[in-house]
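Chemist: Mind having a look at this structure? Questions to follow.
What follows draws every value from the coordinates through simple rules; no lab data is involved. Only a predicted model underlies this, so the values are computations on that prediction, with no experimental measurement involved. Please note: Cβ atoms are built from the backbone with ideal geometry, for glycine as well, and neighbour counts cover all protein chains shown.
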Amino acid sequence: MRYKVIKIFRSFFFPERCPYCYKRIEYNKIACDECHSQFPETYSMNYAKGGYQCCSPFFYQGIFAEGIKRMKFHQLTQSSEKFAVVLEDCVRKAYNVDEIDLITFVPMHDKDYADRGYNQAQLLAKDLARRLKIPCKKTLIKHKRTEPQHKCISSVERRDNIKGAYKVIEKQKPNIKGKTILVVDDIMTTGYTMGECCKTLEKCSNSRIICATVCAKNDIYT
Ligand SMILES: [Zn+2]
C-alpha cells in the first residue's frame, strides 16, 4: 500500500513512460497499449552455458531490445519495475516459485558500476524479489574486468573472456549452501556470462541454480 502511494506521488513529478517506446503512460500500466499488444503469448526457455535453465518473456528484438537498451544506457531505471511484472509472470510459469530460496543477480565490475551508477540486473532482481516475496542478496562479485561479450567474435574468445571473472562473496558462502537460487540478468546473449555466474555459485554452494532474464537472444547458439 505504502509503495503504491509513493508510486502515485512520484508520477506527478516524473511521468511514467512506456519502457519500450518512451510514450507517456498511466502510473499503473506496464506498457502503452500498442507495445503491450506485441507481447508474446508464451515465454521461452533457453540454457546458459553449462545447461542451466533460463526463462525469458521476450526475445532480444524490436521494441523489447529498445526497452532493454533504454534501461541500460539511458538511465530509465523506472523500467525495471515494469519489466519485473512480466518477469514475475514468466518465472511463475517456468518454475515452482515455492522452491526458490534466494534471488541474486549478475554483478558488474566496480569500475563499470561507478560509470553507470546502477546495475540494471540488480534493479530487476530486487523488483522481482519484492513481487515474489523472496529474499534478494548480492552473492557474487566480478573481480575481472572483461570486454563486452558482443565484441568477442568467436565462441572461444567469449568463453575465455568471461572465465573466472566472478567470485562468491566470502560472507555469503554459509547462506547459499544447498538452496535453490534464481539468478537474474537483463539479457542472455551468448549464455557464457550467465553460465559462468551459475557455475561459480554452484561450485561453492552445491545449490540448484536457475535463471531468468527479460530478453534472450534468439540466435543464442550460433
Ligand atoms: Zn510503448
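Chemist: Taking GluC sites (Glu not before Pro) as exposed when DSSP calls them loop (any state but H, G, I, E, B) and at most 15 other Cβ atoms lie within 10 Å, what is the longest stretch of the chain free of them, the sites themselves excluded?
Modeler: The longest uninterrupted stretch comes out as 42-222.
Chemist: Would you mind checking 163/217; 69/163; 126/151 for any pair whose Cα atoms are more than 27 angstrom apart?
Modeler: 126/151, as the Cα separations exceed 27 Å there.
Chemist: Still on this structure, please answer the following. Which residue, 148, 201, 184, has the largest displacement toward the positive end of the dipole of the chain when charges sit on each Cβ (Lys, Arg +1; Asp, Glu -1)?
Modeler: So the residue furthest toward the plus end is 201.
Chemist: Oh, and also: Relative to the compact globular guide of 2.2 N^0.38 Å, what is the alpha carbon radius of gyration of the chain, as a ratio? Provide the component values of the computation, followed by the final result.
Modeler: Working: Rg = 17.0 Å, N = 222, 2.2 N^0.38 = 17.1 Å.
Expressed relative to 2.2 N^0.38 Å, the Cα Rg reads 0.99.
Chemist: Work out the charge dipole of the chain with +1 on the Cβ of Lys and Arg and -1 on the Cβ of Asp and Glu about the Cα centre, then indicate which of 64, 42, 14 is farthest towards its positive end.
Modeler: Toward the positive end, the furthest listed residue is 14.
Chemist: What number, rounded to the nearest 500 deg cm²/dmol, is the helix-based mean residue ellipticity at 222 nm of the chain, given -39500 (n - 2.57) per DSSP H run of at least four residues and division by all its residues?
Modeler: The helix contribution divided over the chain gives -11500 deg cm²/dmol.
Chemist: In debye, nearest 20, what is the charge dipole magnitude of segment 180-222 about its Cα centre with +1 on Lys and Arg Cβ and -1 on Asp and Glu Cβ, if you could check?
Modeler: Computed about the Cα centre, the dipole is about 160 debye.
Chemist: Here's another thing I want to ask about it. Only four residue types carry charge here, +1 at the Cβ of Lys and Arg and -1 at the Cβ of Asp and Glu. Report the dipole size of segment 38-216 about the Cα centre in Debye, rounded to the nearest 20. All intermediate terms of the calculation are to be shown ahead of the outcome.
Modeler: On the way: 30 positive and 20 negative charges, 116 e Å.
My answer is approximately 560 debye.
Chemist: Within straight cross-link reach of residue 167, meaning Cα distance under 19 Å, which lysines are found once same-chain residues fewer than 8 apart are removed?
Modeler: Straight-line reach from residue 167, under 19 Å: 49, 111, 137, 138, 142, 144, 177, 179, 199, 203.
Chemist: Using Cα pairs closer than 8 Å and at least 6 residues apart in sequence, work out the relative contact order for the chain, in percent.
Modeler: 23
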